[in-house]
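Chemist: Sharing a structure with you now.
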Amino acid sequence: MKQVLIRLLWVLVVAAAALPSVQAKAQPADEFFRNKRDLIFITSSNVGGGYDSYSRLIARYMSKYLPGNPRFVVQNMLGGGGIRAANFLYNIAPKDGSTLGLIDRGIPTAPLLYGERSQARFEAVKYTWIGSLMRETGMGVIATRSIVKTIEDAKIHQIHFGATGAETDPAMYARLVNELLGTKIRVITGYKGQPEEFQAVERGELDGLFMSGWSGPGRAHVREQIGRNQFRLLVQMSGSRDPMHKETPTLLDLVTSPADIAIVELVLERIALGRPVIGPPGIPADRVAMLRAAFDKAVDDPEFLKEAALQRLSIDPMNGAEADKTINRLYQTPLAVVERLRKIVQVTAE
């Protein structure tokens with residue numbers, strides 16, 4: 001009898017210890033955020049990079065539209081071109097709405113492209129999709145001093161492009177273009193971010209780079225360097241040409257077979273995820289709704305838009321529901337197309 005009572009008491013103690021977490025889950029969203037002084041906002045970019053700039057801007061304005069105006073503390077989490085931050089958000093970050101992140105747009109589909117070889121430890125469709133700040137296009141940029149002036153030249157001469165990690169879009173674009181067009185672009189990984197890659201190009205360490213986003217301060221820098229005759233554009237990773245650079249072909253302009261076009265269209269749809277703001281899976285629905293509403297109000301705030309313009313950050317937002325539909329649609333791509341793309345991007349994987 002004594003042992004039975006001890007076991008019963010132990011059960012009651014364990015149940016009592018679990019009660020606060022149950023109560024926390026039941027806490028209404030407005031009360032939850034009002035009682036939070038600080039929230040965490042993870043960015044996979046180095047300080048000063050485009051993702052970092054977007055992260056700090058949206059974090060401040062989302063705070064404005066949450067009950068109690070809790071402050072978002074931005075933390076830079078580098079590694080693998082964004083894989084480390086994405087894995088952290090999925091597996092370690094609290095699933096209560098207190099932690100969000102802005103990660104490299106190519107990372108959510110890394111498992112789709114790289115399969116078992118990917119370092120990703122997440123299911124992208126299970127993330128909490130808050131929204132995206134920009135529907136993106138990409139751009140291939142090369143130094144004017146390079147022997148390569150056009151895509152045709154890149155089929156003859158080997159050149160070196162930089163990237164932060166092997167599974168990032170800039171690295172993948174090089175492998176894709178090499179396979180589809182026969183170019184000879186070698187990717188050097190390990191750079192902390194785009195600013196360091198630009199510096200490497202400018203000091204002659206690299207010939208160029210693929211930009212997976214053509215919206216942030218990087219675009220302004222490239223255009224300034226084009227004006228100084230230091231950079232030129234090689235190819236546009238887009239379905240249509242930038243109105244300011246109509247002379248530069250898009251990848252779709254350069255491929256002809258239906259099979260190649262299907263591959264390119266899949267890659268370009270991935271780019272549309274732009275600057276994705278996500279949270280861990282399992283955040284309570286009412287908190288998700290409040291976070292999405294705060295995001296939507298922030299990107300429509302005149303002060304936010306004015307500050308973005310001053311920082312030369314383009315804004316073309318996608319709401320959370322649309323971003324969620326986009327990632328689900330990507331993961332429903334026919335297997336034959338996915339398998340061919342995997343073979344292409346992994347041909348010379350680092």
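Chemist: ARG175: within 16 Å of VAL264 (Cα to Cα), over 17 Å from the mean Cα position of the chain (by Cα) and of a type outside the set (Phe, Trp, Tyr), yes or no?
Modeler: Yes.
Chemist: Next question, about the same structure. Look at LYS192 and say whether it is of a type in the set (Lys, Arg) and modelled with pLDDT under 95.
Modeler: So LYS192 passes the test.
Chemist: For ILE188, indicate whether it is in the same structural domain as ILE263 (by TED's automatic domain parsing), part of a strand (DSSP E or B) and more than 17 Å from the chain's Cα centre (by Cα).
Modeler: Criteria met by ILE188.
Chemist: I'd like to check which helices (runs of 4 or more DSSP H) are fully inside region 210-324 and have at least 2 residues that are in the same structural domain as VAL337 (by TED's automatic domain parsing), in contact (Cβ under 8 Å) with a residue 12 or more places away in the chain and out of contact with any Leu (no Cβ under 8 Å at 6 or more places or on another chain).
Modeler: On the way: elements: 217-227, 251-254, 258-271, 285-299, 302-310.
Qualifying helices (runs of 4 or more DSSP H): 285-299.
Chemist: Which one is surrounded by the most Cβ atoms within 10 Å (Cβ to Cβ), of the residues in region 245-293 that are at pLDDT below 95 and of a type in the set (Lys, Arg)?
Modeler: For region 245-293, the residue satisfying everything is ARG275.
Chemist: Of all the residues that make up region 38-59, how many are touching a Pro at 6+ places or on another chain (Cβ under 8 Å) and in a strand (DSSP E or B)?
Modeler: Count: 2.
Chemist: Could I ask something else about it? Sort through GLY162, GLY131 and tell me the only one that's modelled with pLDDT of 90 or more, part of a strand (DSSP E or B) and assigned by TED's automatic domain parsing to the domain that holds ALA59.
Modeler: Only one candidate passes the filter, namely GLY131.
Chemist: Every residue in region 128-154 that is touching a residue at least 24 places away in the same chain (Cβ under 8 Å), surrounded by fewer than 24 Cβ atoms within 10 Å (Cβ to Cβ) and more than 23 Å from GLU265 (Cβ to Cβ), please.
Modeler: Across region 128-154, the qualifying residues are THR128, ALA143, THR144, ARG145, SER146, VAL148, LYS149, THR150.
Chemist: Only one of GLY239, GLY213, GLY227 is among the small types (Gly, Ala, Ser) and surrounded by 17 or more Cβ atoms within 10 Å (Cβ to Cβ). Can you tell me which?
Modeler: When all the criteria are applied, what remains is GLY213.
The values are calculated or read from the model by the stated rules, or taken from the named source; none is laboratory data. Since this is a predicted model, take the numbers as computed values, not measurements. Note: ideal-geometry Cβ built from the backbone for every residue, glycine included; neighbour counts use all protein chains shown.
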